[in-house]
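S.K.: The structure follows.
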Amino acid sequence: MVAISSSGRAGSFLQLLGILLIFVFVLVVTYYTTRFVAGYQKVQNNNRNLKILETLKITQNKYVQIIQAGNQYLVIGVGKDEIQLLTTLSEEEVQTLVSQKPAERRSFSDSLHSALEKFKDQLPKRRS
């Protein structure tokens, strides 16, 4: 039988403590590196001349976007490997599109309640 001396236990505890300190150090370095990279990318993507006003997904890899390039408004089609200019819009046309209010949205509980009511109506009636 092998007996573990008190110095062996202390050495094991110090090794565990050292590994924990290294782990915490790696977590802290990872956290600050991620914050730095996110801040750097945010500054790089802050363009003054190009803005995406609206995007509509057509299929999995195809989108239609309204973008503002300076004072021009462009409608483009974006595919997997290509970008095509579809048309240009005047400022009045864009303002009309942006100012239109989307259809009123119902709350999730209202939608769920109406779906459950429709489901209940479709169930066969019990005979007494």
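The values are calculated or read from the model by the stated rules, or taken from the named source; none is laboratory data. On a predicted model such as this, the values are computed, not experimentally measured, just so you know. Because the Cβ atoms are built from the backbone with ideal geometry, glycine has one as well, and the counts that use them run over all protein chains shown.
S.K.: Say whether the condition of being more than 18 Å from GLU93 (Cα to Cα), under 24 Å from the mean Cα position of the chain (by Cα) and at pLDDT below 85 is met by at least one residue in region 5-17.
M.R.: no
S.K.: Just to be sure I understand the filter: pairs with C-beta atoms under 6 Å, separated by 6 or more residues or on different chains, first member in region 60-74 and in contact (Cβ under 8 Å) with a residue 12 or more places away in the chain, second member outside any strand (DSSP E or B) and among the aliphatic types (A, V, I, L, M). Which pairs pass?
M.R.: TYR73/VAL94
S.K.: Report, by residue number, each residue of region 86-128 that is hydroxyl-bearing (Ser, Thr, Tyr), modelled with pLDDT of 80 or more and closer than 30 Å to LEU74 by Cβ.
M.R.: If the condition is that a residue be hydroxyl-bearing (Ser, Thr, Tyr), modelled with pLDDT of 80 or more and closer than 30 Å to LEU74 by Cβ, then THR87, THR88, SER90 are the ones that fit.
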